[in-house]
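For reference, the structure is listed below as structure tokens.
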Amino acid sequence: MTIGARIKELRLRRGLTQDQIAEKLNMNRANFSHYERDTAVPPSEMLGKIADILNTSADYLLGRTVEGINGVEEEPEFVVIKRATQRMTSHDKDRMMSMLRIAFEEAFKEDE
Amino acid sequence: MSRSDYKRATNSAYSVIRAYNINKIPVCLDHIINRLPDLRLMTYTSFAELNGVSIDEVIDDYDEYGSLVFDPFFGRYLILYNNLKSFDVVRFTIAHELGHYFLKHKGHNEANDKEANCFARNLLCPLPALDVVNQTDYFCLSSIFGISWSAAATRICFIHLDRYHLNEELYNSIDAILGRPFFIDYNFAVI
């Protein structure tokens with residue numbers, strides 16, 4: 001996966017628009033979109049800022065760490081503090097995270 | 001395996017009662033939840049409809065009763081609860097999940113669950129109010145405090161342990177507002 005694809009994937013998972021993230025980075029949306037389309041590479045300082053906003057590491061965005069590889073596991077988007085733990089496949093986990101994203105959006109919509 | 005910190009769980013429940021000015025029995029959980037900007041409730045029915053799945057699938061994915069979900073990115077929480085359970089079971093479920101919330105549990109294990117149960121029984125059935133009621137009949141406690149018979153039985157089982165852990169100053173401050181019979185409102189329709 002390219003740097004741009006990783007940034008885009010995490011941005012969407014965090015429910016952020018390109019405008020919102022560009023504003024946090026003090027840049028315009030068009031320039032930010034170049035990073036996601038891999039037509040420009042963010043300089044190291046910018047990469048660090050993007051990683052902070054996306055709650056990840058620059059190493060993850062650069063593809064130096066991959067989920068389940070190099071001993072580094074990406075944190076789940078949502079933490080379910082449940083009474084009975086279940087081992088889930090990555091497909092089931094993705095399905096659960098996507099449902100929770102919808103539920104959180106609905107539950108907190110009047111705040112946005 | 002980590003051990004449950006019953007002292008912390010017990011005193012947290014009474015700190016919440018004091019902080020949120022709970023002065024009526026049965027304890028109104030909505031009164032607390034409405035004052036927590038980072039927490040929302042959602043029924044299993046709403047969750048299922050929203051995602052186009054059945055209630056059974058929700059139960060399979062989460063729990064028969066409910067779950068607290070934490071969104072670390074935005075620092076917010078969602079309590080999903082099975083609204084098809086009886087009213088008093090729902091109340092205990094929500095109080096249990098509030099226990100996870102106030103005790104800042106970040107994962108599931110048996111010790112955390114026991115702490116959340118301890119928090120819930122003390123929140124819903126506080127000792128100063130129980131002392132005023134002076135009852136050990138499960139049916140009676142169940143109707144006064146809005147808890148199930150089995151929760152009432154557990155409440156009685158742990159009464160000495162909880163009294164041992166409860167800070168005296170906290171008991172007295174709660175007793176001043178809760179431990180009076182005229183504050184007890186038997187006609188409840190609260191979550």
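Would you please give the residues with an amide H less than 5 Å from that of residue B:41, counting only those at least 5 places away or on a separate chain, with H modeled from the backbone geometry?
Excluding prolines and chain starts, which carry no amide H, the hits are B:79.
Which of B:100, B:160 has the fewest other C-beta atoms within 10 Å, and how do the rest follow up to the most?
So the ranking, lowest neighbour count to highest, is B:160, B:100.
Under a plain spin-label model, where a point goes 7 Å from the Cα along Cα-to-Cβ, how far apart in nm are residue A:30 and residue A:13?
3.1 nm
Work out the length of the dipole vector of the stretch B:44-99 about its Cα centre, built from +1 on the beta-carbon of each Lys and Arg and -1 on the beta-carbon of each Asp and Glu, and round it to the nearest 20 debye.
That gives a dipole near 300 debye.
Would you please give the residues with an amide H less than 5 Å from that of residue B:24, counting only those at least 5 places away or on a separate chain, with H modeled from the backbone geometry?
Amide H neighbours of residue B:24: none.
Please compute, for peptide B:72-80, the average count of beta-carbon atoms on other protein chains lying within 10 Å of each residue's beta-carbon.
For this peptide, the per-residue mean of nearby foreign Cβ atoms is 5.
To the nearest 20 Debye, how big is the dipole of the stretch B:6-176 about its Cα centre, given +1 on the beta carbon of each Lys and Arg and -1 on that of each Asp and Glu?
Once rounded to the nearest 20, the dipole reads 600 debye.
With chain B treated as a Gaussian network of Cα nodes joined by springs under 10 Å, which of B:65, B:164, B:101 yields the largest mean-square fluctuation?
B:164
For a footprinting-style exposure proxy, rank B:145, A:104, B:139, B:73 by other Cβ within 10 Å, fewest first.
Ascending Cβ contact count within 10 Å gives the list B:139, B:73, A:104, B:145.
How high is the FRET efficiency between residue B:160 and residue B:87 when r is their beta carbon distance and R₀ equals 25 Å, given to the nearest 0.05?
0.30
The numbers here are math on the coordinates, done by the rules we state, and not lab data. Keep in mind that this is a model prediction, so the values were computed, not measured. Positions of Cβ are backbone-derived with ideal geometry, glycine not excepted, and every protein chain shown enters the neighbour counts.
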